[in-house]
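Before any comments, here is the structure.
Just so you know, all these numbers are worked out from the coordinates, no wet-lab data involved. Treat the numbers as computed from the prediction; the structure is a model and nothing was measured. Note that each Cβ is placed from the backbone with ideal geometry, even for glycine, and that neighbours are counted across all protein chains shown.
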Amino acid sequence: MIIILLGPPGAGKGTQAKDLAQRLKVPHLSTGDLLRQNVKENTQLGKLAKQFMEKGDLVPDNLVTGMFVEQIKSADFKNGFILDGYPRNLAQAKTLDEILKQRKGRLYVIYLDTCEAIIIQRLSGRRICSACGANYHLKNMPPKRDMLCDKCDGELIQRTDDREETIKNRLAVYLKSTASLIDYYERQKKLYRISGNDEAEIVLNKIINLVSAEDK
Ligand code: AMP
């Protein structure tokens, strides 16, 4: 099965993708994580992508899609996969349609419908581990020790694009470029709406119930 997680920044796509991957035992692919890794390693792609990411803009399609296609080809995705952060506009959705034509497995596009107040609260309190990338939240999911990762002792930092002015731009970019994908997949009868306002565990169970019931 192939699952696309769709929704605004702060809807919980990253958290759900990681948990779903564990529960369903399929890999997940996050274009945001891959891009951040490239920035951290100062690769050519990272150098080009950084300026767009810091402003909360989309990284141009030619850069992201090349990276995405390489990843899909090289990883063991034959039993399906979970996508977090791709596609983010119509051109990317069409590229993905072409890729999926050559693959078996039912497609579920899960739209995490989330209200703006919750998005802002989640993004402004989010902290990530600078070493392993694990996600925390100052209020909802604090680390056991002050600003240190529970898993690897790395230092917790705020993503540069989680600052208030950048959050506003990311939401605007989402509305302008990504939100139209809701209609796109609804027309293909692939879209499933789930509230992203609830706690992570509740959302996770709703997704698992949905894909398990539909797959029978
Ligand atoms: P995310 O971790 O999914 O919130 O992504 C962080 C940032 O990476 C986004 O704000 C974009 O700048 C960039 N990004 C991630 N995925 C894509 C994509 N599919 N297309 C263009 N830019 C992307």
Roughly what percent of Cα-Cα pairs across the chain reach past 20 Å?
59
How compact is region 1-112 by the rule of thumb for globular proteins, expressed as Cα Rg over 2.2 N^0.38 Å?
1.03
Within region 143-175, name every residue whose backbone N is under 16 Å away from a label modeled 7 Å from Cα of E54 along the Cβ vector.
158-167
Output the Cα-based Rg and Dmax of region 21-80 in Å, rounding Rg to one decimal and Dmax to a whole number.
12.8, 36
Amide proton proximity set for L6, modelled H, under 5 Å, gap of 5+:
I110, Y111, L112
Cα-based equivalent ellipsoid of region 100-216: semi-axis lengths in Å, sorted from largest, via gyration tensor:
30, 19, 14
Enumerate the helices in the chain for which the Kyte-Doolittle hydropathy averages -0.5 or more and the C-alpha atoms extend at least 20 Å along the helix's axis, using complete DSSP H runs.
200-215
Dividing the alpha-carbon radius of gyration of region 162-216 by 2.2 N^0.38 Å (N being the number of residues), what value is obtained?
1.46
Given a cut-off of 32 Å, name the pairs among K101/K176; K73/K190; K55/K104; K78/K206 whose C-alpha atoms lie farther apart than that in the structure shown.
K55/K104
Region 57-141: D in µm²/s via Stokes-Einstein (Kirkwood Rh, Cα pairs, 37 °C, 0.692 mPa s)?
210
Hey, in the GNM for the chain with a 10 angstrom Cα cutoff, which one of D76, D84, D113 fluctuates hardest?
D76
